[in-house]
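Asks: Quick one: this structure, given as structure tokens, is what I'll be asking you about.
The values are calculated or read from the model by the stated rules, or taken from the named source; none is laboratory data. As the structure is a prediction and not an experimental result, all values here were calculated from the model. Neighbour counts run over all protein chains shown; Cβ positions are idealised from the backbone, glycine included. Protein only, heavy atoms only, side chains kept; ligands, DNA and RNA dropped before computing areas. Shrake-Rupley method; radii C 1.70, N 1.55, O 1.52, S 1.80 Å.
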Amino acid sequence: MTHKKHHLDIITPCFNEQECVPLFFAEISRCMQGLDCSYSVLFIDDGSQDGTLAAIKSLVEKYGNESVKYISFARNFGKEAAIYAGLEASDGDLVVLMDCDLQHPPALLPAMLDEIDAGYDSCAAYRVERKGEPWLRKILSNAFFSVLNHISEVDMRPGVTDFRMMTRNMKDAVVSLREYERFSKGLFDWIGYKTKWIEYEDVQRAAGKTKWSFIALLKYAAGGLVAFSTTPLRLASVLGALVVLAAVVYSAFIILQVLVYGTDYSGFSTIIILIMFIGGVIISLLGIIGEYLARVYSEIKRRPIYITRETNIK
Ligand code: UDP
Ligand code: MG
């Protein structure tokens, strides 16, 4: 296999991954062997509470500041912020984003390099099977992608992950998008560029446990929708119009009944139903508007996306 000479920055966000850090590094070294491509592993310690930073530092001692780089956050800023920090700090002609738990198989790296050499700006991997994943999560995840693709300006493949190799040009484009509430999977699609999709079979994490609760995933999904679509906001006017229409039809019906058949109406239950219905619609619409307002608020504060406590990158 011949590759052009590259330098690849391998970016991996880690949050409480003390067992995974050495495993990850060993597996990367194994898979990069024999490739015509130098590499650095850039660990982003996302405010871990365990021995993650110590594990990273012991790799630095063993392999040096060029092979093992790290940025350690002042607190947990979330995976999206870690991805941003890594992209911003990388200086190789290629970068790849990978989870630290080996759920993004490093064995795919040579194939990804080949695709970039073939002229693609990025090579992204998607999962084809989700073994052991709760069925509810699977259904919700598929529903999420189908809703998002229909109502937003981006088009995302179900099973898309953050496992992606890209050229420096494409990386710089992503870094130029400085929004605070980030949804990288959407940003990668939004900026354009030529992406080659490759599939891989889902694997279990190497050690430790997942950092995503069900609620955290729901929030993440809602964040993605709000970031790439204003359709929920427009829903307000459509729903409002529908409710008005329903009210007009209903009152016409009642007036007719009274005039034609002389029905004696006691409107009590009707009123309760109407109040509840309209109240519910208004409250949920306020919630949607609030969701966007919260975004506007957090964006205009222009806070940094992450804060570094410690790093070995000069
Ligand atoms: N991660 C992170 N910050 C967080 C949560 C997760 O940097 O707040 C990292 C985590 O260490 C891992 C990757 O993001 O390398 C994916 O997380 P995880 O494996 O928990 O998610 P899952 O694979 O279960 O979706
Ligand atoms: Mg994982």
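Asks: Taking the Cα centre of the chain as origin, sum charge times position over the Cβ atoms of Lys and Arg (+1) and Asp and Glu (-1), and report the length of that vector in debye to the nearest 20.
Replies: That gives a dipole near 480 debye.
Asks: List the GluC sites (Glu not before Pro) in region 1-93 that DSSP assigns to loop (not H, G, I, E or B) and whose Cβ has at most 12 other Cβ atoms within 10 Å. Which are they?
Replies: E66
Asks: Under the rule a/c < 1.5 gives rounded, and otherwise a/b versus b/c splits prolate from oblate, where does region 60-136 land using the Cα gyration tensor?
Replies: It is oblate, given that a/c is not under 1.5 and a/b is not larger than b/c.
Asks: Right, next: What number, in percent, do you get for the relative contact order of the chain if the mean sequence gap of Cα pairs under 8 Å and at least 6 apart is divided by its residue count?
Replies: Once normalised by length, the contact order is 22 percent.
Asks: Given a cut-off of 31 Å, name the pairs among K62/K196; K57/K171; K62/K219 whose C-alpha atoms lie farther apart than that in the structure shown.
Replies: The pairs that break the limit, which is 31 Å between Cα atoms, are K62/K196; K62/K219.
Asks: Taking the chain as the reference, fit the longest principal axis to its C-alpha atoms, fit the long axis of helix 52-63 to the helix C-alpha atoms, and give the angle between the two in degrees, 0 to 90, nearest 10.
Replies: In the chain, helix 52-63 runs at an angle near 30 degrees to the longest axis.
Asks: Could you put I215, I305 in order of accessible surface area, largest first, with the 1.4 Å probe and the full protein assembly present?
Replies: Solvent-accessible surface, decreasing: I215, I305.
Asks: Using only the alpha-carbon atoms, how far is helix 20-32 inclined from the longest principal axis of the chain? Give it as 0 to 90 degrees, nearest 10.
Replies: Helix 20-32 and the main axis of the chain meet at about 60 degrees.
Asks: Could you derive backbone 3J(HN,Hα) for region 207-222 from the dihedral phi with the Karplus parameters 6.51, -1.76 and 1.60 (θ = phi - 60°), listing whole Hz in sequence and x where the residue is Gly or Pro?
Replies: 6, x, 10, 4, 9, 10, 7, 4, 4, 4, 5, 4, 4, 4, 5, 4
Asks: Further question on the same structure: Rounded if a/c is under 1.5, else prolate if a/b is larger than b/c, else oblate: which is region 1-138, with a ≥ b ≥ c the root eigenvalues of its Cα gyration tensor?
Replies: The shape class here is oblate.
Asks: Relative to the first principal axis of the alpha-carbon coordinates of the chain, what is the inclination of helix 231-256, with its axis defined by its Cα atoms, in degrees from 0 to 90 and to the nearest 10?
Replies: 20 degrees
Asks: Going by accessible area, probe 1.4 Å, with all protein chains left in place, what is the ranking of W212, W190, W197, W135, largest first?
Replies: W135, W190, W212, W197
Asks: Describe numerically, in nm with one decimal, the distance between label points set 7 Å from Cα along Cα→Cβ at E153 and at K5.
Replies: 4.1 nm
Asks: DSSP loop (so not H, G, I, E, B), at most 10 other Cβ within 10 Å: list which trypsin sites (Lys or Arg not before Pro) in region 185-225 pass both filters.
Replies: K209
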